[in-house]
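Here is the structure we will look at.
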Amino acid sequence: MKVPFLDLKTQFKTIEADVRARWEDVLANTSFILGPAVREFEQEFAGFLGCKHVVGLGSGLAALELALRTLDIGPGSAVLLPANTFIATALAVSGVGATPILIDMDPRTYNIDPAKLTRFIEQHCQDDGSALSVSNSCPLVSIRGSLPRAIMPVHLFGQPTDMDEILAIAARYGLRVIEDACQSHGARYKGRRTGTLGDMAAFSFYPGKNLGAYGDGGAVATNDDALAEQIAMCRNYGSKKKYYHEIAGTNSRLDSLQAAVLSAKLPHLDEWNAARRRHAERYAAGLADCPQVACPVTAADRDHVFHLYVVRAERRDALQAYLSEREISTGLHYPIPIHLTDAYRDLGYQEGAFPETERAAQDMLSLPMCAELTDAQVDYVCECIQAFYAGE
Ligand SMILES: *Cc1c(COP(=O)(O)O)cnc(C)c1O
């Protein structure tokens, strides 16, 4: 039995007629840039999230960057983010000229560890009264020449971060909170959707995400009218009215054809996420008596949307090869932690700086996960994993 990592073809068949009809509309109106399809999706997604504004953008990375820019975070600023995340979170920070500061993960959630975040701030940037803190609202001193301005929690693999703790730390130290919700479309923390919990949030609509377009796309969500207006201007050359430029903006707009796909998919998102949760429960049950594999755990106060189903496995590389021989596709998220990549060597972190993240890079394995998986496929994956360890 073949088990793909992700099956976009089967999903497309279920929405094909709707997508084609919506594309016909866009083509007939030739409203390719910021047309009604984009406005409609922005309103629908804001309604789905329960927030005031959604601004459609060109990608998730652009959403993170524009959020930072709009909060005036650039050279001279530092941003605290998890060491265990997709590199785009850090790229956004360095992309605006700010300094990424990494914090190790909590091995239970794979997300930023709030206790380690607090400890870092207390040890490295708390005001000792010797000046340097530039504003009264921000009782922090600079670290490596940059002043911490924001925390960027990532709801990694679809599991919401401990937001109460993050928001309390942010309030205590006068930091902004920008959620990286690029893997958590539809997830809830204490009843509220991720992407509505901080000052601003970034979403990606890369095809493989829980809500994915048929090309690149992204969005910022916020409840702040002024920030939303700023972003909307920034994405469109810094103008509200064509050729009247108020700020030096950029070009990063959600494409109308992509917005049409997202509008077709959005009504299905909760049901698709529920299917992912069912598959996750089936995996956990099927692997319960396999001590070599640890399945993810979800805290009771949040809804995980399992963008990825990531287990910790003994002899991970051998298991992955064994599964691959049996036509089961798996993934590594992520094989090399950000601080050990060539791209970020000049941040100056050494091996051993983030032990939990580094350990996870050695033993994490992402099993096939998408709404369209069948029970038989999940069972087959579990049986093959059992067989691998039984044969040792
Ligand atoms: C996908 C992703 C991004 C970037 O999104 P793009 O649309 O590919 O630019 C950022 N952060 C995280 C955590 C992601 O998974």
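Derivation of every value follows stated rules applied to the coordinates shown; laboratory data play no part. Predicted model only: the values in this text are computed from it and were never measured. Don't worry about glycine lacking a Cβ; one is built from the backbone with ideal geometry, like all the others, and counts go over all protein chains shown.
Packing-wise, with mean Cβ within 10 Å as the measure, how do 71-83, 315-327 rank, highest first?
71-83, 315-327
When Lys and Arg each count +1 and Asp and Glu each count -1, what net charge do the other residues less than 11 Å away from Cys290, Cβ to Cβ, add up to?
-3
Can you find, among Ser329, Ser59, Ala387, the residue farthest towards the positive end of the dipole of the chain? Put +1 on the C-beta of Lys and Arg, -1 on that of Asp and Glu.
Value computed over the given set: Ser59.
Cα convex hull of the range 348-392: how many Å³ per residue?
101 Å³
What does the convex hull of the Cα atoms of the range 204-284 come to per residue, in Å³, rounded to a whole number?
Dividing the Cα hull volume of the range 204-284 by its residues yields 124 Å³.
Express the Stokes-Einstein translational diffusion coefficient of the range 145-280 in µm² s⁻¹, to the nearest whole number, given a Kirkwood radius over alpha-carbon pairs, 25 °C and a viscosity of 0.890 mPa s.
150 µm²/s
Quickly work out the Ala171-to-Ser31 label distance, labels modelled 7 Å from Cα along the C-beta direction, and quote it in nm with one decimal.
Placing both labels 7 Å beyond Cα along the Cβ direction yields 4.2 nm.
Largest first, please: the extent of the C-alpha atoms of the range 1-83 along each principal axis, to the nearest Å.
Computed over the Cα atoms, the extents are 50, 44, 25 Å.
Arranged from highest to lowest average of other beta-carbon atoms within 10 Å per residue, in what order do the peptides 348-360, 208-220 appear?
208-220, 348-360
Would you work out the charge dipole size for the range 253-341 about its Cα centre, treating the Cβ of every Lys and Arg as +1 and the Cβ of every Asp and Glu as -1, and quote it to the nearest 20 debye?
80 debye
Excluding Gly208 itself, calculate the net charge of residues whose Cβ lies under 12 Å from the Cβ of Gly208, where each Lys or Arg counts +1 and each Asp or Glu counts -1.
Around Gly208, the charge tally is -1.
Taking Cα pairs under 8 Å and at least six residues apart, what relative contact order does the chain come out at, in percent?
So the answer I get is 22 percent.
Can you tell me the equivalent ellipsoid semi-axes for the range 182-236? Use √(5λ) from the Cα gyration tensor, largest first, whole Å.
Its equivalent ellipsoid spans semi-axes of 20, 18, 5 Å.
Looking at the range 236-300, which chymotrypsin sites (Phe, Trp or Tyr not before Pro) are in a loop (DSSP not H, G, I, E or B) and have at most 11 other Cβ atoms within 10 Å?
Tyr243
What FRET efficiency would be calculated for the residue pair Ala321, Ala300, taking the C-beta separation as r and a Förster radius of 30 Å, to the nearest 0.05?
Computed FRET efficiency for Ala321 and Ala300 comes out at 0.25.
Among the lysines in the chain, how many pairs, 8 or more places apart or on different chains, have alpha carbons under 17 Å apart?
Lysine pairs satisfying the spacing and distance rule in the chain number 4.
Quick one: the Cα spread of the range 61-121 along its three principal axes, in angstroms, biggest first?
32, 22, 14
Take the alpha carbon atoms of the chain, find their radius of gyration, then divide it by 2.2 N^0.38 Å using N residues; give the quotient.
After normalising by residue count via 2.2 N^0.38 Å, the value is 1.01.
Can you give the net charge of the other residues whose Cβ lies under 10 Å from the Cβ of Val3, counting K and R as +1 and D and E as -1?
It works out to a net charge of 0.
Check each of the trypsin sites (Lys or Arg not before Pro) in the range 260-296 and keep only those in coil by DSSP with at most 14 other C-beta atoms within 10 angstrom; list them in order.
none
Is the range 142-208 rounded, prolate or oblate when judged by the Cα gyration tensor, a ≥ b ≥ c being the square roots of its eigenvalues, rounded requiring a/c under 1.5 and prolate requiring a/b larger than b/c?
oblate
Would you calculate the separation in nanometres between label points at Lys190 and Arg359, each defined as 7 Å from the Cα along the Cα-to-beta-carbon direction?
Distance between label points: 2.9 nm.
Work out the length of the dipole vector of the range 149-196 about its Cα centre, built from +1 on the beta-carbon of each Lys and Arg and -1 on the beta-carbon of each Asp and Glu, and round it to the nearest 20 debye.
Here the size comes out at about 160 debye.
Taking every DSSP beta bridge that has both residues in the chain, what percent is antiparallel when rounded to the nearest 5?
Just about 65 percent of them are antiparallel.
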